[in-house]
4 protein chains.
Amino acid sequence: MDFSLSPAQLELQQRTRRFIADEVIPMERDPRQDGHGPHEALRRDLVAKARVAGLLTPHASPDLGGLGLSHIDKAIVFEEAGYSPLGPVALNIHAPDEGNIHLMEVVATHAQKERWLRPLVQGHIRSCFCMTEPAPGSGSDPSMLQTTAVRDGDHYVINGLKWFITGATGASFAIIMARMEDGSATMFLSDMDREGIVIERQIDALDSCFTGGHGVVRFTNVRVPASDVLGQIGEGFRYAQVRLAPARLTHCMRWQGQARRAHDVATAYARSRHAFGKPLIEHEGVGFMLADNDMDLHSARLAIWHCAWVLDQGHKGRHESSLTKVLCSEAQWRVVDRAVQVLGASGVSDETIVARIFKDIRAFRVYDGPSEVHRWSMANRLSRGTGHG
Amino acid sequence: MDFSLSPAQLELQQRTRRFIADEVIPMERDPRQDGHGPHEALRRDLVAKARVAGLLTPHASPDLGGLGLSHIDKAIVFEEAGYSPLGPVALNIHAPDEGNIHLMEVVATHAQKERWLRPLVQGHIRSCFCMTEPAPGSGSDPSMLQTTAVRDGDHYVINGLKWFITGATGASFAIIMARMEDGSATMFLSDMDREGIVIERQIDALDSCFTGGHGVVRFTNVRVPASDVLGQIGEGFRYAQVRLAPARLTHCMRWQGQARRAHDVATAYARSRHAFGKPLIEHEGVGFMLADNDMDLHSARLAIWHCAWVLDQGHKGRHESSLTKVLCSEAQWRVVDRAVQVLGASGVSDETIVARIFKDIRAFRVYDGPSEVHRWSMANRLSRGTGHG
Amino acid sequence: MDFSLSPAQLELQQRTRRFIADEVIPMERDPRQDGHGPHEALRRDLVAKARVAGLLTPHASPDLGGLGLSHIDKAIVFEEAGYSPLGPVALNIHAPDEGNIHLMEVVATHAQKERWLRPLVQGHIRSCFCMTEPAPGSGSDPSMLQTTAVRDGDHYVINGLKWFITGATGASFAIIMARMEDGSATMFLSDMDREGIVIERQIDALDSCFTGGHGVVRFTNVRVPASDVLGQIGEGFRYAQVRLAPARLTHCMRWQGQARRAHDVATAYARSRHAFGKPLIEHEGVGFMLADNDMDLHSARLAIWHCAWVLDQGHKGRHESSLTKVLCSEAQWRVVDRAVQVLGASGVSDETIVARIFKDIRAFRVYDGPSEVHRWSMANRLSRGTGHG
Amino acid sequence: MDFSLSPAQLELQQRTRRFIADEVIPMERDPRQDGHGPHEALRRDLVAKARVAGLLTPHASPDLGGLGLSHIDKAIVFEEAGYSPLGPVALNIHAPDEGNIHLMEVVATHAQKERWLRPLVQGHIRSCFCMTEPAPGSGSDPSMLQTTAVRDGDHYVINGLKWFITGATGASFAIIMARMEDGSATMFLSDMDREGIVIERQIDALDSCFTGGHGVVRFTNVRVPASDVLGQIGEGFRYAQVRLAPARLTHCMRWQGQARRAHDVATAYARSRHAFGKPLIEHEGVGFMLADNDMDLHSARLAIWHCAWVLDQGHKGRHESSLTKVLCSEAQWRVVDRAVQVLGASGVSDETIVARIFKDIRAFRVYDGPSEVHRWSMANRLSRGTGHG
């Protein structure tokens, strides 16, 4: 058992921390962003900075231009990047690209990698992941998938409606999940400018940290050549799991940074703002909230590190990643909510970054499986005696 | 002990409920509103509808044009009005006007009432209440008041900076709290277009339900005639309490409506949306959240009714209004947060009204004394043996 | 709407309060009690005192010797009685007798009343209610009832095993719930000394407030004459509801007294005990716990009063009594747990009454339907649109 | 970063686990125990078993007969031992002996070690730690120490009253904390049969897991030779910290085992007990509680491991041990409370071991500094910028 970081990890941690402090935080009030997220122009500027700093797409394999980070390495770097809402954009480690890169490294063909993955890793283009559907389609329950793919010669014809497709607007290509005639699911790759793909509208979401926001995407008789199937026909649900377990964990890592930021802002405020004769932090009612934050951040970080280590051992870590996702999304949420409360009027307004984090992070308890679905799958494993504890 | 509503109360409840359903909810997506709240034009349209329905400014005394509602009456009507974020705007019962009307009815002179209160009650103008100051001024701790008023002949000269002044933009007049040379505080009335009053900027707050948003207002050598003192010189802190105890309670009432709305939207969704083979509401994980909402709404409503009854008995109800404010702001918050969770993707976006309520209600745990200040004053009363329990 | 108590209610409240303070609390350390509860001799002494004070079995109808209290009246008197763990014993209002009296008043024959109910109301004898069974029998799910009653001439022959039968040891008679051949259930009355009834053992429960403790009772070919059927054949499940809704509520009332007691003891301690330079209560960390107690006690009391009023209106109040049971059992639990924490070492030991209350009250979240079953039935009503909120 | 256990740690973990399962759990209903804890005769039998298994006093240094465990090693072994309430008694790792052994290893003289420490490590005798005093003495606030030691020739004369002295009854010797004339504190060693030491009474505590229970000990003109001072004169407060930081952590380790046991019992029950048509665990309301337990156990274990690692690095870990104590005591408490709830009637009675664990563990939120004191010291460090997070 060893909780120490290697010299290389420490160097990466410090470098990322300085990069965020020096290059990214000063751009947080850049006007090229709105309720749907940072604009493409801002994203490109940020990515350029990360490229110079040697921090671009660090999780990708070295032959694609990344740093080939282990899961533990990612835990360290992604938390630092998450310290600013713009950090993951700069490092090109944001959802959904981060998870798409991971999945494509595992299952894409060489040709697919050259065509789509390499420019994605280089930060030149963006992608989206078209899985979630509005009612009565597939939300928390993937078996309710309604979008269909039907073979037609050497093509597949895709029809369906997807929503909450993060980054759809401005994405160059999509991974599309569709149901086959036999009930199985398959993933397809397609450029977004293909005929039949229409972004019907942008969703006004609470969060505004994802470039391209969240779109509603309609697929009408979209013809995808068989060579653009991602991986094997009928393996869509399995690949979704390949993508999701680590993707869940990288969410935890990035939000850990955001939560820590909110806590730091609140702590600094509580040290300097006085009321009733002393600094806020010397009031137990405030100090206890910050102590609780400290505990929640500690718990979340340890759970992330542990789960990352499990994945690094080659395990699937499905129980650990479910557990860590619930634990982090709820602990980090409490941290941010307490930070708002400590800040008072400054917390419920854009006077500090915290209100933005507050709006951004709320959806984390919903995305990638709401807490209730993960608790249910944890309980199922306990029921079968296959969990831990 | 009797929990029944009188026939008149029932009629008023039903009438308000219908008005909100028929006239106000259909306007919730009216484009004349933004992140700073409904525009004045929308407000005027809504007020006109309430005037027709005989529901305008119902808490004001009949000789001013109101219905002279008791506190219990208000509990019933304001909850119904709060069922839409636009309801309190329509009925002219929103902060800060509602509390200003109450205070001015108690302490303003006849001339002051004719000049400012009557048009306010009639919905023709709006007002603001300039008390809160940025650090190091008066926030939760009123004794830190920095704005000064100095006598100069038959005028007072006011200097200071106020922030989070709800409704300042577009307000016709203000009540201004300032410190006297002897350390006491006084309230002043002033038209907002008087020389030396400048709204420096709008604050970007999480909420967007108040017409005029929240402004930062600077007072530079503002000369107010002695005849425009509100009430007595040196009584500012006492009047603040006169205003605050019932104002806190009317906040609870309006937010009760909002929380109920969120719960109703979530319940309807949970009945119709299916996952894993049955409607969401039949999953205990979802059903229990809605049952918890039901309990929280019930607790909050009973506390409001009880506190209203205490005030109607002529008591100041300072302990009860503190208790009720904390209890409601936290219970209603939990209700709305659970509603978001039940709704999932639809909850973290503007697909339903709930995300808007979520953003609007967060500040309630901060406004009018954060939970921590009220818990502290409750503990002080318990310490002296003057609370209840 | 009116929260005031009538003069008669106030008098009864004050009289009960004085009786508990003067007559019952001084006996709390009486050695005639152990881990299974007060001994019969102590019970008789306490009952004698209540008889003198005119407070014995006050909920029974006047013709049986009670005061014919309404549900609201009971809310007031039972809370006062519950201020001591021995108070409900003294007033003869403890489970299961209190609920048995209520049920028998509604459905017993005249002969049954004269034989069993009258001496029960007079405090001369005790009774028990034999419904709950160990696995795989009827616990939270009444449909799993395993005990059988088979007609044999003008008798019924009962076989089965019941457990957690409160007050069985020392009870003169029992109400026994058994399954009929057609799957319906029937309640039977029987003296406890009848052949075939054996108390196999006492259960060591956390609580020690019930005379007779909790027993495991075996019924082996117990022959009960048809004239001792309680009410109608096949109506057992319905009667269980008749008994349970108000019985749940009287539990809330009694525990409200216990929780208030724990809070009062903790508050007195926090006022007098110093640490770190001031009384504990002036530390926000302690004061906030007591403020939270104050809120929880207030919420629980209002919910009790409201539900009592609903029952007094003649409604069944099934939703309200479920809601109130969950709300009270959880709120009162929090109050007692916080009281333990405030008291520190004195809280986790018998230095004060609070540790005893702590052990006694834990089961309330389980008895009469655990929180989970009530949340589920509340959710079912919300699902059908028949709850409130 | 590495979460794996070494082969030696795994062997020790498995051996301890088997020992507890095979030798200790079968004795849990041994009649030689009561509300004040296991009797000395039972303790000796258990210790003898651990001696045979090579698991006695494993934290002591090898030259005293222990295994010289690191803090991480202890985390692993003590959790396993804690799986039974009798496990720590058997391994001789229970409070207060465990902490006394640690302290004496660091500061006792050779003669003191031979006289008191060696037989203590060998399990032949027990000790107690006399620090806590009743009001108005030293409880949470050590500066309120009232017991005095006055120099008289080559002796010190001790006077004072201590309470909640765990294991006092039956202890062979005591470490006594007393105030010097200059306000500093000193620790003294004394046999318990010395003149002037009287155990006035046993305290009836909620817990019953400590041999000897908790006593009230009066010191009246107790004469202790100067050679029996433990360590240096005036260093008492510092030694208390030397003892407390690791002692707090070993508490966390042992209770982790107890909480895991409660969870396992509840999980097994929830798998086998049916209600409403399926096993309890398949009801989300139950399954979610068990999933929450899984998360809480995981968080607590990771925090323990991390803090143990910090101590193993040679750091004092005061922030980490405070944080871990609060986090564990509250998380483990929730686990046990949920286990009770899942078990229902079986949880609130001695039908399973869980009710005993429930009573035993409550005090952990109070002992060794209540949560409030640790939150306060954490907040103080955050205030000075010396915490982490």
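Based on the Kirkwood radius over alpha-carbon pairs, what is the Stokes-Einstein translational diffusion coefficient of region B:33-143 at 37 °C with 0.692 mPa s viscosity, in µm²/s? Before the final figure, lay out the partial values.
Working: Rh = 14.9 Å.
Estimated diffusion coefficient is 221 µm²/s.
Calculate the spin-label point distance for A:T386 paired with C:A268, positioning each point 7 Å from the Cα along the beta-carbon direction, and give it in nanometres.
In this crude spin-label approximation the distance works out to 5.8 nm.
Roughly speaking, what is the centre-to-centre gap between region C:2-54 and region A:237-285 when only Cα atoms are used, to the nearest Å?
Between the Cα centres of region C:2-54 and region A:237-285 lies a distance of 52 Å.
Over 20 Å intervals from 0, what percent of Cα-Cα pairs in chain B sits in each interval?
All Cα pairs, binned at 20 Å, distribute as 28, 58, 13, 1 percent.
Bin all alpha-carbon pair distances of region D:127-234 at 10 Å intervals from 0 and give each bin's fraction as a whole percent.
For region D:127-234, the pair-distance distribution reads 16, 51, 29, 4, 0.
Using a 10 Å cut-off around each Cβ of peptide B:277-286, what is the average number of partner chain Cβ atoms that fall inside? It would help to have the intermediate numbers written out before the result.
On the way: counts 3, 0, 1, 4, 5, 4, 7, 12, 12, 5.
So the per-residue partner count for this stretch is 5.
Residues in region B:362-387, backbone N under 17 Å from the label point at B:H315 (7 Å along the Cα-to-beta-carbon vector): list them, ranges by number please.
Residues B:378-387 qualify, since their backbone N sits under 17 Å from the label point.
Within chain C, which is the longest segment that contains none of the GluC sites (Glu not before Pro) sitting in a DSSP loop with at most 11 other Cβ atoms within 10 Å? The partial results should precede the final answer.
Details: sites that count: C:E181, C:E195.
Longest site-free region, per DSSP loop and neighbour criteria: C:196-389.
Average the reciprocal distances over every distinct pair of alpha-carbons in the protein assembly as shown, invert the result, and give the Kirkwood radius in Å.
Values: mean 1/r = 0.0284 Å⁻¹.
After inverting the pairwise mean of 1/r, the radius is 35.2 Å.
Say the dipole of chain A comes from +1 at the beta carbon of Lys and Arg and -1 at that of Asp and Glu; which of A:L323, A:A81, A:I176 then lies farthest toward its positive end?
The residue sitting farthest along the positive end of the dipole is A:L323.
Highest first, please rank the peptides C:65-77, D:85-97 by the mean number of other Cβ atoms sitting within 10 Å of their residues. Don't skip to the end; give the middle numbers.
Values: C:65-77: 20.8, D:85-97: 27.5.
Per-residue Cβ counts within 10 Å, averaged per peptide and sorted highest first, yield D:85-97, C:65-77.
Can you classify region B:254-351 as rounded, prolate or oblate using the Cα gyration tensor, where a ≥ b ≥ c are the square roots of its eigenvalues, rounded means a/c under 1.5, and otherwise it's prolate if a/b beats b/c and oblate if not? Could the numbers behind the result be given before it?
Working: a/c = 3.44, a/b = 2.72, b/c = 1.26.
Note, shape of region B:254-351 comes out prolate.
Report the Stokes-Einstein translational diffusion coefficient (µm² s⁻¹, integer) for region A:242-292, Rh taken as the Kirkwood radius over Cα pairs, at 20 °C with viscosity 1.002 mPa s. Intermediate results must be reported in sequence, preceding the final value.
Details: Rh = 12.6 Å.
Value of D from the Cα-based Kirkwood radius: 170 µm²/s.
How do A:I25, A:I361 rank when sorted from fewest to most other Cβ atoms within 10 Å of their own Cβ? Could the numbers behind the result be given before it?
Working: A:I25 17, A:I361 24.
Ranking A:I25, A:I361 by Cβ neighbours within 10 Å, fewest first, gives A:I25, A:I361.
Could you quickly flag the chain A residue whose beta carbon comes closest to the rotation axis taking A to C, and that distance in whole angstrom?
Closest to the rotation axis on chain A: A:E284, 2.
If R0 is 35 Å, what FRET efficiency do you get for C:S61 and B:S4 from their C-beta distance, rounded to 0.05? Could the numbers behind the result be given before it?
Working: r = 25 Å, r/R0 = 0.72.
Rounded to the nearest 0.05, the efficiency is 0.90.
Over the protein assembly as shown, what is the percentage of antiparallel beta bridges among all DSSP beta bridges, to the nearest 5? Show your work: numbers first, answer last.
On the way: 138 of 158 bridges.
Percent antiparallel among DSSP bridges in the protein assembly as shown is about 85.
With +1 on each Lys and Arg Cβ and -1 on each Asp and Glu Cβ, how big is the dipole of chain A about its Cα centre, in debye rounded to the nearest 20? Intermediate results must be reported in sequence, preceding the final value.
Working: 43 positive and 46 negative charges, 50 e Å.
Result for chain A is approximately 240 debye, rounded to the nearest 20.
Quick check on the exposure proxy: order D:R254, C:R271, A:R29, D:R273 from fewest to most C-beta atoms within 10 angstrom.
Going from least to most buried by this count: A:R29, C:R271, D:R273, D:R254.
Counting pairs of alpha carbon atoms under 8 Å apart in space and at least six apart in sequence, what relative contact order in percent does region B:237-384 give?
Numbers: 156 pairs, mean separation 44.8, N = 148.
Relative contact order of region B:237-384: 30 percent.
Looking at region B:7-94, I'd like the Rg to Rh ratio, where Rg is from alpha-carbon atoms and Rh is Kirkwood's inverse mean 1/r. Show your work: numbers first, answer last.
On the way: Rg = 12.5 Å, Rh = 12.9 Å.
For region B:7-94, the value is 0.97.
Run the label-point distances for C:R384 please: 7 Å along Cα to Cβ, every other copy, nanometres, shortest first.
From this label point to the equivalent ones elsewhere in the assembly: 3.6, 5.2, 6.3 nm.
Can you give the mean number of other chain Cβ atoms that lie within 10 Å of the Cβ atoms in peptide A:358-368?
Going residue by residue through A:358-368 and averaging, the value is 4.
Multiply the residue gap between C:D141 and C:D154 by 0.36 nm, knock off their C-alpha separation, and tell me the result in nm, one decimal place. Provide the component values of the computation, followed by the final result.
Values: separation 13, 0.36 × 13 = 4.68 nm, distance 3.05 nm.
Full-extension gain reported as 1.6 nm.
List every DSSP H helix in chain B whose Cα atoms extend 24 Å or more along the helix's own long axis and whose mean Kyte-Doolittle hydropathy is at least -0.5.
Working: long enough: B:236-272 (53 Å, -0.61); B:284-312 (41 Å, 0.31); B:318-343 (37 Å, -0.14).
Flagged H segments are B:284-312, B:318-343.
For n ≥ 4 DSSP H runs only, could you compute -39500 (n - 2.57) per run for the protein assembly as shown, divide by its residues and tell me the 222 nm figure to the nearest 500? Before the final figure, lay out the partial values.
Numbers: 44 runs with 685 residues, N = 1556.
Counting only the DSSP helices, I get -14500 deg cm²/dmol.
Mind listing the label-point distances from C:R238 to the same position on all other copies, shortest first, one decimal in nm, points 7 Å along Cα→Cβ?
5.9, 6.5, 8.1
List the distances, in nm to one decimal, from the label point of B:G183 to the label points of the same position in every other copy, shortest first, placing each label point 7 Å from Cα along the Cα-to-Cβ direction.
3.1, 8.0, 8.1
Rank the residues B:L56, B:L10 as a footprinting-exposure proxy: fewest other Cβ atoms within 10 Å of their Cβ go first.
Values: B:L56 23, B:L10 12.
Listing B:L56, B:L10 from fewest to most nearby Cβ atoms yields B:L10, B:L56.
Return the whole-Å distance between the Cα centroid of region C:307-375 and the Cα centroid of region A:127-202.
51
Taken together, the values in this text are just the output of simple stated rules run on the coordinates, not laboratory data. Just so it is clear, the structure is predicted and the values come from calculations on it, not from any experiment. So basically every Cβ, Gly included, is an ideal-geometry build from the backbone, and we count neighbours across all protein chains shown.
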